[in-house]
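Some notes on the structure that comes next.
The values are calculated or read from the model by the stated rules, or taken from the named source; none is laboratory data. Since the model is a prediction, treat every value here as computed from it, not as a measurement. Because the Cβ atoms are built from the backbone with ideal geometry, glycine has one as well, and the counts that use them run over all protein chains shown.
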Amino acid sequence: MDTVLLKINNEKAYKLLEGLEDLQLITVLKRKTESQQKLSDKYAGKLPSDIADELQNYVTKSREEWNNNSI
């Protein structure tokens, strides 16, 4: 068997992996260890406001596209 390291950035994708684990098709070796802190809180004051606003708009649009195309 191969061991693969993945970073899961979406809760739906993580739940899919948990389902595969329940079917004994994969084994999750390490669970979430990162905090659920919002990026806006984590990086507050570290980006100029115009760049932060542009980034936030991009992330929001990406999430909407993901949710619209999800199963």
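So the values come out like this:
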| item | result |
| --- | --- |
| Residue, modelled with the highest pLDDT, within the stretch 40-67, restricted to residues that are aliphatic (A, V, I, L, M) and loosely packed, with under 11 Cβ neighbours inside 10 Å | Ile51 |
| The listed residue being outside any helix (DSSP H, G or I), β-branched (Val, Ile, Thr), loosely packed, with under 11 Cβ neighbours inside 10 Å and at pLDDT below 90, out of Thr27, Thr33 | Thr33 |
| Every residue from the stretch 1-24 that is assigned to a loop (DSSP other than H, G, I, E, B), over 23 Å from Arg63 (Cα atoms) and free of Cβ contacts under 8 Å to residues at least 12 places away in the same chain | Met1, Asp2, Val4, Leu5, Leu23, Gln24 |
